[in-house]
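Right, one structure below, let's go through it.
The values are calculated or read from the model by the stated rules, or taken from the named source; none is laboratory data. Predicted model only: the values in this text are computed from it and were never measured. Positions of Cβ are backbone-derived with ideal geometry, glycine not excepted, and every protein chain shown enters the neighbour counts.
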Amino acid sequence: MKKHLLLSCLLLAGIGTSVYAQEPVDAAMTQKIREEGLKNSKVMETAFYLTDVSGPRLAGSPGLKRAQEWAVGQLTKWGMANAKREPWGKFGKGWEVQKNYAAITVPYYHAIIAIPKAWTPGTNGLLKSEVILIKADTITDLDKYKGKLQGKAVIFDVAITIKQSFKADATRYTDSALTAMANTKPQASRQQQRPADFANSPQFAAMRKARAMRTAINTFLKNENAGLILSMSRGSDGTVFTTNGASYADTAQTVAPELETSGEDYLRILRLIKGGQKVEIEADIKTQFFTDDLQGYNVVAEIPGTDKKLKEQVVMIGGHLDSWHAATGATDNAAGSAVMLEAMRILKAVGFKPKRTIRIALWSSEEQGLHGSRNYVLNHLGDPKTMVLKPEQSKISAYYNLDNGTGKIRGIYLQGDSAAGPIFQTWLDPFKDLGAATVTAGNTGGTDHLSFDALGIPGFQFIQDPLDYGTRTHHTNMDTFDKLIEDDLKQAATIVASFVYNTAQRKDMIPRKVLPKAPEVK
């Protein structure tokens, strides 16, 4: 019995060895990459230029163009080939804030924390006004305000309070959380998970009603020539989560100026008015639209492949370079862009001559719906709506994305590509000491790897420690360089560079899932 047990163990060991033997890890190159990435890093210098120097990088804005041009210049300086801003199609109007001042002056002076909503106009000089409380549950409720709002600042009644939280803003994944992720079973697609009758559900009806009501209110306020709208931002402790207040389309109708206000300041003004106290405000908001160039652009560059048979195949990495406008978009997503740029620098610095071509892409307009990556896929690889593929679709081995803040890499989401699991597990083994070891069958969404996955190309997002991404920095006025963690970004760039090296040198391309079917036309 012991003999049979020993034989079984040897067989199992042999199977394990054969699997791992298919994925040899070049220890010498891994060490070179670690040395360059952890000891000679330029990632924070890169992040500085993308954030502090370039400024906010809203889609279509001068700040985004500054960052793109800097990235093209830096990639060229590092020795990359074909570095350029590549147009992907029409986006719309650019926009930026050029002046932003607001304060209540009665019953006393207090400067408020408030950010203009994206693609909204300014106040055309200094506005001084009493703040008028709008109470409207139906469209007909607005009739009582006709003729009373010209040049006035308005605020809406809300049934919201800010509660004290005793939870830490920033967290890292615990061992138990990572173990749970590793044990996750393969997930169904989002389309399969969503109820077929969602469009007829009460939730959707409520969303549609709320959206229609807000559109009607905005139209009414514009027609009444309201001077300024105050809206309450999600967030606390002075954190303002920003959004857009109008469309970026060049044909979009104009709206009234609107400030997204910190919860504390908004509720103070509301309490005063509801308590019978007069509140006056002054605001001087200047914004500018840019319509000279309505195109959207991505930054692309390459390290050309050297193998005669494999150089036409491509390993891609990327992250979105655009941000929101309330801060400099450090964790969303200068962090991911800086890491991917650093990974390219590391590979050039160690003298790597890849078999396959390595291509970086820094996307634009991700925040408006993955436009940069989706149009890249459409222009180069094929159409997910029809599943009509272009020749290059078959030549992309994998696309790796980073877009979840400044947290270190803890592993990778397989996005349903289970055959890639053992491969990635082997590639992560040399980085267990850096905290990266988890391979999960779970999916993650909301960013640019989905554009590739939709066309059957292996597209992956790395697992990152959440830190304060969701609680404090994501789309907020707090998303600044100071929120970046240098050691985490060094670790991430090192691991990405190693994944790229292994993908470029691997005998075969990364295994693919079954090609998705074209959506049914109804």
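Details
- Count of segment 368-380 residues which are surrounded by 15 or more Cβ atoms within 10 Å (Cβ to Cβ) and assigned to a loop (DSSP other than H, G, I, E, B): 1
- Residue in segment 178-188 that is in a loop (DSSP other than H, G, I, E, B), of a type in the set (G, A, S) and either modelled with pLDDT of 95 or more or surrounded by 10 or more Cβ atoms within 10 Å (Cβ to Cβ) (or both) present: yes
- Just one of the listed residues (E45, E36, E69) is of a type in the set (D, E) and free of Cβ contacts under 8 Å to residues at least 12 places away in the same chain, namely E45.
- Taking segment 476-522 as the range and being surrounded by 17 or more Cβ atoms within 10 Å (Cβ to Cβ) and acidic (D, E) as the test, the residues that pass are D479, D488.
- Segment 346-367, subset among the hydrophobic types (A, V, I, L, M, F, W, C) and in a helix (DSSP H, G or I), residue farthest from H474 (Cα to Cα): A349
- Scanning segment 88-116 for residues that are in a loop (DSSP other than H, G, I, E, B), in contact with a strand residue (DSSP E or B) (Cβ under 7 Å, 6 or more places away or on another chain) and not hydrophobic (A, V, I, L, M, F, W, C) gives K93, Y109.
- Residue check for D265: surrounded by fewer than 14 Cβ atoms within 10 Å (Cβ to Cβ) and either among the acidic types (D, E) or in the same structural domain as K348 (by TED's automatic domain parsing) (or both): no
- Set side by side, the residues V131, V158, V154 differ, and just one is among the β-branched types (V, I, T), within 22 Å of G235 (Cβ to Cβ), touching a residue at least 12 places away in the same chain (Cβ under 8 Å) and loosely packed, with under 13 Cβ neighbours inside 10 Å, which is V158.
- Search result, residues across segment 111-128 that are closer than 21 Å to D265 by Cα and either assigned by TED's automatic domain parsing to the domain that holds M478 or without any contact (Cβ under 8 Å) to a residue 60 or more places away in the chain (or both): A111
- Residue match in segment 381-392 (condition: of a type outside the set (F, W, Y), surrounded by fewer than 20 Cβ atoms within 10 Å (Cβ to Cβ), within 24 Å of the chain's Cα centre (by Cα) and assigned by TED's automatic domain parsing to the domain that holds D479): yes
- Checklist (1) touching a residue at least 12 places away in the same chain (Cβ under 8 Å); (2) part of a helix (DSSP H, G or I); (3) not aromatic (F, W, Y) applied to R410, failing item: (2)
- Residues that are touching a residue at least 24 places away in the same chain (Cβ under 8 Å) and assigned to a helix (DSSP H, G or I) are absent from segment 436-448 altogether.
- Being surrounded by fewer than 17 Cβ atoms within 10 Å (Cβ to Cβ), within 30 Å of D453 (Cβ to Cβ) and at pLDDT 95 or above holds for only one residue in K311, K274, K278, and it is K311.
- Scanning segment 224-235 for residues that are among the small types (G, A, S) and modelled with pLDDT under 95 yields a single hit, G235.
- Residue match in segment 350-363 (condition: surrounded by fewer than 22 Cβ atoms within 10 Å (Cβ to Cβ), within 21 Å of the chain's Cα centre (by Cα) and either not assigned by TED's automatic domain parsing to the domain that holds A497 or not charged (D, E, K, R) (or both)): no
- Strands (runs of 3 or more DSSP E) completely within segment 239-319 that count 1 or more residues being touching a residue at least 40 places away in the same chain (Cβ under 8 Å) and under 30 Å from A398 (Cα atoms): 295-303
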